[in-house]
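Chemist: Got a structure here, written out as structure tokens. Questions coming.
The values are calculated or read from the model by the stated rules, or taken from the named source; none is laboratory data. Since the structure is predicted, the reported quantities are computational estimates derived from the model, not experimental observations. Every residue, glycine among them, receives a Cβ derived from its backbone with ideal geometry; neighbour counts consider all protein chains shown. Calculation scope for accessible area: heavy atoms of the full protein, side chains included, ligands and nucleic acids excluded. Shrake-Rupley method; radii C 1.70, N 1.55, O 1.52, S 1.80 Å.
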Amino acid sequence: MKYGDADYMAARDAMVEVLREWAQEGRTNTYKALSEALAPEHLVHYHGRIMSLLLADVCRQDSTGPEPMLSALVVNGSSKRPSDQFFELAVTEFHRQDPDWTWERERDSAFDRYDAPISP
């Protein structure tokens with residue numbers, strides 16, 4: 001898989017769907033779990049550069065403007081927080097510069113945005 005090729009774009013679209021499901025369920029999960037959710041159709045190593053590129057592109061596609069960044073749902077297994085790349089992207093590209101901004105609020109906003117409708 002190479003950045004921007006057909007496989008990459010298919011993996012990005014699959015990743016959007018996985019993260020939307022997690023948001024609807026109100027949960028975070030690890031980079032490894034995301035990698036496993038994409039397999040076997042899309043082989044994306046959870047420590048690889050492609051994972052970071054895909055997550056950034058997921059945000060660019062799904063989270064334009066003030067919408068919450070779906071990548072806030074993906075966390076490191078030990079720290080239970082997103083990677084440094086998430087925070088860098090949040091500030092540089094998504095202008096999350098409010099001093100009260102936290103990734104937890106971003107995560108909760110993603111949960112709210114994709115909240116599954118309540119059946120009557």
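Chemist: Could you list all residues from the stretch 59-87 that are exposed (fewer than 12 other Cβ atoms within 10 Å of the Cβ) and of a type in the set (Asp, Glu)? Steps first, answer last, please.
Modeler: Filtering the stretch 59-87 for residues exposed (fewer than 12 other Cβ atoms within 10 Å of the Cβ) gives 64-66, 77-80, 84.
Matches in the stretch 59-87: Asp84 only.
Chemist: Going by the conditions given, is Ala72 at pLDDT 95 or above and either touching a strand residue (DSSP E or B) at 6+ places or on another chain (Cβ under 7 Å) or closer than 21 Å to Met1 by Cβ (or both)? Let's see the steps before the verdict.
Modeler: On the way: at pLDDT 95 or above: yes; either touching a strand residue (DSSP E or B) at 6+ places or on another chain (Cβ under 7 Å) or closer than 21 Å to Met1 by Cβ (or both): no.
So Ala72 fails the test.
Chemist: Please specify each residue of the stretch 95-120 satisfying the condition of being more than 13 Å from Trp22 (Cα to Cα) and touching a helix residue (DSSP H, G or I) at 6+ places or on another chain (Cβ under 7 Å).
Modeler: If the condition is that a residue be more than 13 Å from Trp22 (Cα to Cα) and touching a helix residue (DSSP H, G or I) at 6+ places or on another chain (Cβ under 7 Å), then Arg96, Gln97, Trp103, Glu106 are the ones that fit.
Chemist: Please go through the stretch 1-26 and pick out each residue that is open to solvent by less than 40 Å² (accessible area, probe 1.4 Å) and among the hydroxyl-bearing types (Ser, Thr, Tyr).
Modeler: Tyr8 - this is the single residue of the stretch 1-26 that is open to solvent by less than 40 Å² (accessible area, probe 1.4 Å) and among the hydroxyl-bearing types (Ser, Thr, Tyr).
Chemist: Another one. Within the bounds of the stretch 95-112, is there any residue that is within 20 Å of Leu38 (Cβ to Cβ), surrounded by 12 or more Cβ atoms within 10 Å (Cβ to Cβ), of a type in the set (Gly, Ala, Ser) and in contact (Cβ under 8 Å) with a residue 60 or more places away in the chain?
Modeler: There is at least one residue in the stretch 95-112 that is within 20 Å of Leu38 (Cβ to Cβ), surrounded by 12 or more Cβ atoms within 10 Å (Cβ to Cβ), of a type in the set (Gly, Ala, Ser) and in contact (Cβ under 8 Å) with a residue 60 or more places away in the chain.
Chemist: Provide a single number: the residues in the stretch 27-45 that are open to solvent by 40 Å² or more (accessible area, probe 1.4 Å) and touching an Asp or Glu at 6+ places or on another chain (Cβ under 8 Å).
Modeler: Qualifying residue count for the region: 0.
Chemist: Here is a list: Ser63, Ser35. Which entry is modelled with pLDDT of 95 or more and polar (S, T, N, Q)? Spell out the reasoning first.
Modeler: Details: Ser63 fails: modelled with pLDDT of 95 or more.
Just one listed residue meets the conditions, Ser35.
Chemist: Kindly indicate whether Ser78 is under 18 Å from Arg107 (Cβ atoms) and without any contact (Cβ under 8 Å) to a residue 60 or more places away in the chain. Please lay out each step first, then the result.
Modeler: Numbers: under 18 Å from Arg107 (Cβ atoms): yes; without any contact (Cβ under 8 Å) to a residue 60 or more places away in the chain: yes.
For Ser78, the condition - under 18 Å from Arg107 (Cβ atoms) and without any contact (Cβ under 8 Å) to a residue 60 or more places away in the chain - is met.
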